[in-house]
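None of the figures in this text is laboratory data; all of them are computed from the coordinates on show. These numbers come from a predicted model, not from an experiment. Note: ideal-geometry Cβ built from the backbone for every residue, glycine included; neighbour counts use all protein chains shown.
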Amino acid sequence: MRRYEHSLLLRILHLDLPLLMGLLLLMGLGFIILFSASGEDTDTLLRQAMRIGIAFGIMFLLAQIPSHHLRLWSPWLYGLGVILLVLVLLVGDVGKGAQRWLDLGFFRFQPSELMKLVVPMLIAWYFADRPLPPRFREVLVAGILVAVPAVLIVGQPDLGTAILVTSSGLLVIFLAGVRWRILIALGALLLAIAPFFWHFMRDYQRQRVLTLLNPESDPLGAGYHIIQSKIAIGSGGLYGKGWLNGTQSQLAFLPERSTDFIFAVYAEEFGLLGILLLLSIYLFLILRGLYIAVRAQDTYARLLAGSISMTFFVYVFVNAGMVSGLLPVVGIPLPLVSYGGTSMVTILAAFGILMSIHSHRRLMA
Amino acid sequence: MAQHTIKDAFTERRLFFSRVVVLVVFIVLLFGILIVRLSHLQVVNYSHFTTLSQNNRVRLEALPPPRGLIYDRNGVILAENRPAYQLEITLEQVEDLQETLERLGRIVTLENSEIERFRRLLRRKRPFQAVPLKLNLSDEEVANFAVDRHRFPGVDIQARLARHYPMGEEMAHVVGYVGRIDERELARIDTRNYSGTSHIGKIGVERYYEDVLHGQVGYQRVEVNAQGRMLRILERQPPVAGRDIVLSLDVRLQAAARQALNGYTGAIVAMDPRTGEVLAMVSMPSFDPNLFVHGIPASIYNQLRDHRRQPLFNRALTGQYPPGSTLKPVVGLAGLEHNIITASRTMFAAGYYQLPGHDRRYRDWRRHGHGWVNLDKAIAQSSDVYFYDLGYRLGIDRMSEFLGLFGLGRVTGIDSTGERAGILPSREWKQGALGTVWYPGETIIAAIGQGYMLTTPLQLASVASTLAMRGIRIRPHLLRGIINSDSEELELVSPEYLSPVRVSHPQYWDQVLDPMVHVVHQPNGTAYNSTGRTAAYIIAGKTGTSQVFGLGQDEEYDESRIAKHLRDHALFIAYAPAEDPRIAIAVIVENGGSGSRTAAPIARMVMDHFLLEMGG
């Protein structure tokens, strides 16, 4: 009886209990490691807690909105997003060598962050009424719709966000059932034009790729992050050095330790076993998201839920991959653990959408 | 949604599901790769990364041992360690290096070579490490910088111990100096024991006793953060300080000897014949060894190196001079030992000597000769002709062998650097060095210490000492003892006896040593007027004048007509008091003209100081 009441309450609030539990567990771990990574700074924790509060609020709001409303808003949001991206390039604030922010007077806003949600929404909207699997022409149109904001974001330049936006869009195309032969052809094309990308990359971006291939070539410069990060992870061993005892992080050898490289702090202090726990929580959230996608009742909700879950995976994998030296260093935080506000809001908003899709399905049927 | 004509909800659902399955496989695969990667880092290479992490965190710092001090025999400090202030720059904290250097240049003098060296070092260091810019700041520069310090972020003054020689040029040659370790020395030394040490003994006692003076390096393991800042000491092994040494030198006698040379270029070596202890070792002119400690500026070094009078050259050990007549007592002893002469035998010494059947005349220094001379008169008045004859009859082989017994032609093995062996000519030597046979005429001039023969002032002092001790030979040495670091007591070194000079009849010694007293104390003796007449104690000595400039066959040596740098070298060897020798001395005055007039009075001044004023 109690269990029924409990789930009834959640049903009314349109929250998904498994997702909620997973998120809370993850954020709990996040707080613990952020306390250590920030040098036991309670101010940092307080600010992070406020962000989480706001992000939870937005998640809760979005969970209340049935997905067919979102679907109707999709093209308008997309149009608005592209205009904002163009505005950023024209009048945006410069921070850390990149124009990402739009100063609206009362608050600073990063339109590229919005696009992480809006792009998959638009592509899902595009395919929602069309027979699937899509034809080549439709795939092409969808591709262009993904490319426009992606190019604008690369131009800021913000490679990390561009990767996430692109992959969120492409994942929708993939989930829409694009034929394998088209996929293979596109893949081949991508490989062929890869050298041109190299040509248009900024020096520091090229440096990161080169550094990945041989970090020891520049141990004090670009390779420093990777080397120190690998040392932190490796010296953690199976069981870790213990909470607050990671020398790499506590003695500041590890750069960016409360933001992009917090995974290394975690690995150093909690070891491989801790990592397995962390990855299990992530895997649980991703699989739950995909389950919600499979159970969704219309194409739009399905595609959007699938893309959101998979983008979350991309987040985790790219961050863990770059911190452990598998992938080049791109500025992608560890979702819901890294210190920082904007990605927190976007990700929890996405989970709000997932919850909405799941909790509104009976009402729609 | 399904109202679209060809939209098939069921197929789409299945299609979507199959895609999700593909993605789940993909996710599992990539997570698998990630876990394999992390296991590789955390399990397989765990010890490797643990080591790296430890190396990151823990820094082994060398604690250089303080260098041992050097004292004279009375405890006067000859070499000490003083705090020196150096200017250091931490690049990380400097905004504009070029501009900072320019502004610093207005407060302290910066040589171009210093800036170049700084930039070289800078490339090897990490930006958070302090790099020395200027090594030895004057007190004024330190004060000037202290006032303006706030204008120079990243620039700091660091105090450390640096070698200082309070006696300055008084002891420069003999004590030597330390300087920065160079590439060659780096290959020679145990680099582990020198980690943290920047200086090493370069010449003299500083170099010879480097191992004693240096000590044993210590270590501390410290925990550092990424900025290289020390957080705490984990473990510490203190260094073992270098041991203090006491030299046999006496600064008072050294000063007296320098004063006695009175501006001449030359060298004086005084030693205690009974122990082999060197009491004074002077080479003039000298230089300030402190210049070398902090890296001598090239301009000053070139000036010293190219100076006509060669101040860097340690004449006492490295200078090689024809001994001239100072060796006559030894050659006389050789004649006695080989029964060529007896003390009573007389010969008529004219103004020159000729080999039978040869035209060449070997002139005596005294135009008309000395008349009838015996060994005593030949030594006291320094008859060249008597020794020409003796040398000719003794022959080069026996002469060379006998002079060799006194250690000529070989280094004495004194505990310092740069000693030369001189030349003891012989048939073998000439064949080896010049590739020609020995000519009888060369024997004749060898008998008066001319020709090929070369000796160092130290060798001559050692000869004087051997004569004083009637054949007992002790290796000359500068080290009196080492101070025990625990008991702080002086552990004296014992004299090292060398193979003595033995003669068949002890009276032979009297037969050459008595004439040496007559040199100084008989009115006809060569050093009587200049030296012996007013002496308060009995001196045994022998004057010498060695040619720098070869005279023509019938030319007269006229000092006033010959350029100063071609004038003869003046030499004198002596010991005193003759009946109980406590000091043996050799004096060489380059271009001093005459041994009797120039060198002998200088030797007496030194001996006076030692025997009368110091009560030695």
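Send over the Kirkwood Rh of the range B:61-243, from the inverse of the averaged 1/r over different Cα pairs, rounded to one decimal Å.
Over the range B:61-243, the inverse of the mean reciprocal pair distance is 18.3 Å.
For the protein assembly as shown, report the % of Cα-Cα distances exceeding 54 Å.
47
Would you compute, from DSSP H runs of 4+ residues alone, the mean residue ellipticity of chain B at 222 nm, taking -39500 (n - 2.57) per run and dividing by the full residue count, rounded to the nearest 500?
Mean residue ellipticity, 222 nm, calculated: -10000 deg cm²/dmol.
R0 = 60 Å: FRET efficiency of B:E223 with A:L190, Cβ-based, nearest 0.05?
The formula returns an efficiency of 0.75 here.
For a Förster distance of 45 Å, can you work out the FRET efficiency between the beta-carbons of A:R11 and A:F136, rounded to the nearest 0.05?
Efficiency, rounded to the nearest 0.05: 0.60.
Report, largest value first, the span of the C-alpha coordinates of the range A:71-201 along each principal axis, in whole Å.
So the extents along the principal axes, rounded to whole Å, are 47, 39, 17.
For the pair B:A159/A:Q64, report the inter-label distance in nm, with labels modelled 7 Å from Cα in the Cβ direction.
Taking the two extended label points, one gets 7.2 nm.
Give me a comma-separated list of calculated 3J(HN,Hα) values for the range B:309-315, in order, Karplus coefficients 6.51, -1.76, 1.60 applied at θ = phi - 60°, integers in Hz, x for any Gly or Pro.
8, 6, x, 6, 7, 7, 4
For B:S383, A:S359, what ranking results if the residue with the fewest other Cβ atoms within 10 Å of its Cβ goes first?
By the 10 Å Cβ count, ascending, the order reads A:S359, B:S383.
Output wanted: per-residue J couplings in Hz (rounded whole) for the range B:578-590, from phi through Karplus 6.51 cos²θ - 1.76 cosθ + 1.60, θ = phi - 60°, x for Gly and Pro.
Result, ordered by residue: 4, 7, 8, x, 10, 9, 10, 9, 10, 10, 10, 10, 5 Hz.
At R0 = 60 Å, how high is the FRET efficiency between B:A421 and B:R151 if r is their beta carbon distance? Nearest 0.05 is fine.
Efficiency computed from Cβ-Cβ geometry: 0.55.
Tell me, Kirkwood radius of the range A:218-365 from alpha-carbon pair distances, in Å?
Every distinct Cα pair counted, the radius reaches 16.4 Å.
Taking the Cα centre of each part, how many Å lie between the range A:134-153 and the range A:219-272?
With the range A:134-153 and the range A:219-272 each reduced to a Cα centre, they are spaced 39 Å.
In chain B, which longest range has no GluC sites (Glu not before Pro) that are both DSSP loop (not H, G, I, E or B) and surrounded by at most 15 other Cβ atoms within 10 Å?
Value returned for the longest uninterrupted segment is B:112-487.
At a 10 Å Cβ-Cβ cut-off, how would you order B:D384, A:D298, B:D8, fewest neighbours first?
Fewest to most other Cβ atoms nearby, the residues stand as B:D8, A:D298, B:D384.
Write down Rg/Rh for chain B, rounded to two decimals, with Rg from the C-alpha atoms and Rh from the Kirkwood relation over Cα pairs.
The Rg/Rh ratio comes out at 1.25.
Using only alpha carbons, build the gyration tensor for the range B:469-523 and give me the equivalent ellipsoid semi-axes, biggest first, whole Å.
Those come to 37, 16, 7 Å.
Could you give me D for the range B:209-338, from Stokes-Einstein at 4 °C and 1.567 mPa s, where the hydrodynamic radius is the Kirkwood radius over C-alpha pairs? Units µm² s⁻¹, please.
It comes out at roughly 65 µm²/s.
Each residue of the range B:233-245 in turn: what ³J(HN,Hα) in whole Hz from Karplus with 6.51, -1.76, 1.60 and θ = phi - 60°, glycine and Pro shown as x?
Each residue's phi maps through the Karplus curve to give 8, 8, 7, 8, 10, x, x, 9, 4, x, 8, 6, 10 Hz.
Using a 10 Å cut-off on Cβ to Cβ distances, tally the other chain neighbours for every residue of A:228-240 and report the average as a whole number.
The shielding value for this peptide is 6.
Can you give the direction-averaged projected area of the convex hull of the alpha-carbon atoms in chain A, in nm²?
The directionally averaged projection comes out at 19.5 nm².
Using amide H atoms built 1.01 Å from N in the peptide plane, name the residues 5+ places from B:K134, or on other chains, whose amide H lies under 5 Å from its own.
HN-HN under 5 Å from B:K134: B:L87.
Between the alpha-carbon centers of the range B:468-532 and the range B:562-616, tell me the distance in whole angstrom.
Here the answer is 15 Å between Cα centres.
Around B:A162, which amide H atoms from residues at least 5 apart in sequence, or from another chain, sit under 5 Å from its own amide H, with H modelled in the peptide plane?
So B:A162 has HN proximity to B:R82, B:A84.
Over the range B:65-127, one equal point on each Cα, no solvent: what is log10 I(q)/I(0) by the Debye formula at q = 0.14, 0.19 Å⁻¹?
-0.61, -0.81
Taking the convex hull of the alpha carbon atoms in the range B:1-91, what volume per residue do you get, in Å³?
Measuring per residue, one finds 192 Å³ for the Cα hull of the range B:1-91.
Put +1 on the Cβ of every Lys and Arg and -1 on every Asp and Glu Cβ in the protein assembly as shown; which of A:Q205, B:Y46, B:A270 then has its Cα farthest towards the positive end of the dipole?
A:Q205
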